[in-house]
Amino acid sequence: MIHDLELLDKLSVFPPIVFDGEVFRATRRSLDALTTSTSGGRWAPKNSVAALYTSCETAGALAELVFHWSQYTPLPTKPAAVHRIRLTTKKTLRFLRTDLTELGVNWDLYSEASFARTQEIGAAVAFLECDGLIAPSARWDCENLVLFTDNHGVANDLEVLATEEVDWVAWAREHKLLPESDQPGR
């Protein structure tokens, strides 16, 4: 992938940080909590870089899962798994909303599945050999941490601490994240 040199210059100004803490990931029950995605997402183009999408809050992880699973017909009704993961990064870029708009992200479309610019940014961050990025969640008032596992490379800096089964439909109803017409049993 060829990267926009202007974007690389802008990203190189951000001071990398170390993240050492806990993050959360919501998945189907049968999925290994540390399985990365190469199928594309907000911060990684399809088949470009292995990414582990996490949130800094449990609710943020669940809100992401609700958004994606609510697009299925019929809606999945099996419980989800919420994983608490200890994670340490060495070279991560943190973006605020203002940073993202200055990097060309249209904030009015941020919550939609419009990923072209954010994928360019994520791919460029990975190209700069950063092991992750932290950015505002599009689904909850918190931050998400995306780990670029090919650049992370240290397995003992990543550990699943706990896994809890969650009725994601009940959680989504409680937080009014499912339209009435999309709720199972209605």
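The values are calculated or read from the model by the stated rules, or taken from the named source; none is laboratory data. Only a predicted model underlies this, so the values are computations on that prediction, with no experimental measurement involved. Cβ sites come from the backbone with ideal geometry, for glycine too, and all protein chains shown count toward neighbours.
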Q) For the subset of segment 47-82 comprising residues that are of a type in the set (D, E, K, R) and surrounded by fewer than 19 Cβ atoms within 10 Å (Cβ to Cβ), which member is nearest to ALA170 (Cα to Cα)? A) LYS78
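Give the residues of segment 110-120 that are assigned to a loop (DSSP other than H, G, I, E, B) and either touching a residue at least 60 places away in the same chain (Cβ under 8 Å) or of a type in the set (Asp, Glu) (or both), sorted by residue number.
If the condition is that a residue be assigned to a loop (DSSP other than H, G, I, E, B) and either touching a residue at least 60 places away in the same chain (Cβ under 8 Å) or of a type in the set (Asp, Glu) (or both), then GLU112, PHE115 are the ones that fit.
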Q. Which one of LEU96, LEU100 is surrounded by 17 or more Cβ atoms within 10 Å (Cβ to Cβ) and on the phi < 0 side of the Ramachandran plot?
A. LEU100
Q. Here are LEU133, LEU75: which of them is at pLDDT below 95 and not polar (S, T, N, Q)?
A. LEU75
(Q) For ILE85, only one of the following conditions fails: (1) in contact with a helix residue (DSSP H, G or I) (Cβ under 8 Å, 6 or more places away or on another chain); (2) within 26 Å of PHE127 (Cβ to Cβ); (3) buried (at least 20 other Cβ atoms within 10 Å of the Cβ); (4) of a type in the set (A, V, I, L, M, F, W, C). What is its number? (A) (1)
Q: Check VAL49, VAL18 and return the single one that is among the β-branched types (Val, Ile, Thr), at pLDDT below 95 and closer than 20 Å to ASP157 by Cα.
A: VAL49
